[in-house]
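The values are calculated or read from the model by the stated rules, or taken from the named source; none is laboratory data. Because the structure is predicted, anything quoted here is derived from the model rather than measured. Don't worry about glycine lacking a Cβ; one is built from the backbone with ideal geometry, like all the others, and counts go over all protein chains shown. Note: areas computed on protein heavy atoms with side chains; ligands, DNA, RNA excluded. Shrake-Rupley method; radii C 1.70, N 1.55, O 1.52, S 1.80 Å.
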Amino acid sequence: MDLVRILIAILLPPLGVFLQVGFGGAFWLNILLTLLGYIPGIVHAVYIIAKR
(Lines give C-alpha, C1' and ligand atoms only; values in the text may rest on other atoms or scores of the structure.)
Protein backbone atom coordinates (compact mmCIF):
# COMPACT_ATOMS: atom_id res chain seq x y z
CA MET A 1 0.00 0.00 0.00
CA ASP A 2 2.90 2.37 0.67
CA LEU A 3 4.06 1.98 -2.94
CA VAL A 4 0.66 3.18 -4.17
CA ARG A 5 0.78 6.14 -1.75
CA ILE A 6 4.27 7.08 -2.95
CA LEU A 7 3.11 7.00 -6.58
CA ILE A 8 0.14 9.20 -5.66
CA ALA A 9 2.51 11.51 -3.76
CA ILE A 10 4.61 11.97 -6.88
CA LEU A 11 1.57 12.86 -8.98
CA LEU A 12 -0.43 14.83 -6.36
CA PRO A 13 1.63 15.44 -3.21
CA PRO A 14 -1.19 16.80 -0.99
CA LEU A 15 -3.39 13.80 -1.80
CA GLY A 16 -0.62 11.39 -0.78
CA VAL A 17 -0.19 13.20 2.55
CA PHE A 18 -3.95 13.33 3.09
CA LEU A 19 -4.23 9.56 2.61
CA GLN A 20 -1.51 9.08 5.21
CA VAL A 21 -2.37 11.61 7.94
CA GLY A 22 -5.70 13.25 7.07
CA PHE A 23 -6.37 16.96 7.57
CA GLY A 24 -3.46 17.53 9.96
CA GLY A 25 -0.70 20.08 10.04
CA ALA A 26 1.41 18.01 7.63
CA PHE A 27 -1.35 18.23 5.03
CA TRP A 28 -1.51 22.03 5.13
CA LEU A 29 2.29 22.29 5.15
CA ASN A 30 2.39 20.10 2.08
CA ILE A 31 -0.14 22.28 0.27
CA LEU A 32 2.02 25.32 1.04
CA LEU A 33 5.19 23.56 -0.13
CA THR A 34 3.48 22.36 -3.30
CA LEU A 35 2.29 25.88 -4.08
CA LEU A 36 5.79 27.26 -3.52
CA GLY A 37 7.33 24.58 -5.70
CA TYR A 38 6.26 21.19 -6.90
CA ILE A 39 9.49 19.39 -5.95
CA PRO A 40 9.46 20.45 -2.25
CA GLY A 41 5.89 19.17 -2.05
CA ILE A 42 6.92 15.80 -3.46
CA VAL A 43 9.90 15.50 -1.12
CA HIS A 44 7.76 16.32 1.91
CA ALA A 45 5.01 13.90 0.86
CA VAL A 46 7.43 11.02 0.32
CA TYR A 47 9.09 11.80 3.66
CA ILE A 48 5.73 11.74 5.50
CA ILE A 49 4.73 8.46 3.86
CA ALA A 50 8.11 6.77 4.43
CA LYS A 51 8.28 7.96 8.05
CA ARG A 52 5.12 6.10 9.09
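Structural remarks
- Selection of first residues in the stretch 25-48 that are in contact (Cβ under 8 Å) with a residue 60 or more places away in the chain and at positive phi and of second residues that are of a type in the set (A, V, I, L, M, F, W, C) and open to solvent by 90 Å² or more (accessible area, probe 1.4 Å), restricted to Cβ pairs under 6 Å at least 6 apart or on distinct chains, gives an empty result.
- Matching entry among L12, L29, L33 (being within 8 Å of the chain's Cα centre (by Cα) and surrounded by 13 or more Cβ atoms within 10 Å (Cβ to Cβ)): L12
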